[in-house]
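Notes to accompany the following structure.
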Amino acid sequence: SGDPAYVATGAATNVLTSNGAGAAPTFQAAAAGGKILQVVSATYTTETNTTGTTYIDSGLTLAITPSATTSKVFVMMFVKAAGQDTSSYVTGRVGLQVVRDSTIILGPWTTGITDTGGTGTVMKSKTWNTITYLDSPSATSSTVYKLQFQTPDTQAWVQSDGETSVITLMEVGA
């Protein structure tokens, strides 16, 4: 206890690892996987709206080309959405879903704030949405991720009021 111990020289790719109390540490190979291999990011500010119940592209779209089929892609999106329901004078909802190429990978779900505006008052709900998802695309070709939206009520917007939406894709090594 307290005596110095000899530690061999390790390679640049090794990490110093404890072997427990009373034993000298040794250099070991670094654990594989979980490393961020690449990051791509984009912003979009054009307000987009719909009055339909069919999902349409929000404009928030980005491609990444994974370096291995075993890689995962961590998807992060930050978007301001707004909904309106003029038939019942309450704030509306927005349907959202995340798509990889043409496959829905997350959702659909509905976001919004329900608030009564009173008779004759049309209100518009606005919510900031943070979306995260760890995807396994099993691809080494360009892979496109995008946010789609629709309205279950009267009208829906994304990038509401011209606010900036952000999409970030990170390739995570296996």
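Values for this structure:
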{"item": "Some residue of region 19-42 being within 21 Å of Lys146 (Cα to Cα), in a loop (DSSP other than H, G, I, E, B), in contact with an Asp or Glu (Cβ under 9 Å, 6 or more places away or on another chain) and not charged (D, E, K, R)", "result": "no"}
{"item": "Among the residues listed as Val15, Val39, the single one being under 18 Å from the mean Cα position of the chain (by Cα) and exposed (fewer than 15 other Cβ atoms within 10 Å of the Cβ)", "result": "Val39"}
{"item": "Selected residue [part of a strand (DSSP E or B) and at pLDDT 95 or above] from Thr69, Thr61, Thr54", "result": "Thr61"}
{"item": "Residue check, Thr103 open to solvent by less than 80 Å² (accessible area, probe 1.4 Å) and at pLDDT 85 or above", "result": "yes"}
{"item": "Residue that is least open to solvent (accessible area, probe 1.4 Å) [pool: residues in region 136-152 that are assigned to a loop (DSSP other than H, G, I, E, B) and closer than 21 Å to Ile104 by Cβ]", "result": "Thr151"}
{"item": "Selection within region 153-171 - open to solvent by 30 Å² or more (accessible area, probe 1.4 Å) and aliphatic (A, V, I, L, M)", "result": "Val166, Met170"}
{"item": "Every pair of residues 6+ apart whose Cβ atoms lie under 8 Å, when the first sits in region 122-133 and is farther than 15 Å from Leu60 by Cβ and at pLDDT below 90 while the second is among the aliphatic types (A, V, I, L, M) and buried (at least 19 other Cβ atoms within 10 Å of the Cβ)", "result": "Met123/Val90; Lys124/Ala82; Ser125/Ala82; Lys126/Ala81; Lys126/Ala82; Thr127/Ala81; Thr127/Ala82; Thr127/Val94"}
{"item": "Only listed residue being surrounded by 15 or more Cβ atoms within 10 Å (Cβ to Cβ) and farther than 18 Å from Thr130 by Cβ, chosen from Gly92, Gly34", "result": "Gly92"}
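Per-residue answers, yes or no, for (1) closer than 23 Å to Thr164 by Cβ; (2) open to solvent by 40 Å² or more (accessible area, probe 1.4 Å); (3) out of contact with any Leu (no Cβ under 6 Å at 6 or more places or on another chain):
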{"position": "Thr46", "(1), (2), (3)": "yes, yes, yes"}
{"position": "Asn49", "(1), (2), (3)": "yes, yes, yes"}
{"position": "Ile64", "(1), (2), (3)": "yes, no, no"}
{"position": "Val73", "(1), (2), (3)": "yes, no, no"}
{"position": "Asp85", "(1), (2), (3)": "no, no, yes"}
{"position": "Leu96", "(1), (2), (3)": "yes, no, yes"}
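The values are calculated or read from the model by the stated rules, or taken from the named source; none is laboratory data. None of these values were measured; they are calculated from a predicted model. Here Cβ is always computed from backbone atoms with ideal geometry, including for glycine, and neighbour counts include all displayed protein chains. The protein model used for the area step is the full one, side chains on, heavy atoms only, and it has no ligands, DNA or RNA in it. Shrake-Rupley method; radii C 1.70, N 1.55, O 1.52, S 1.80 Å.
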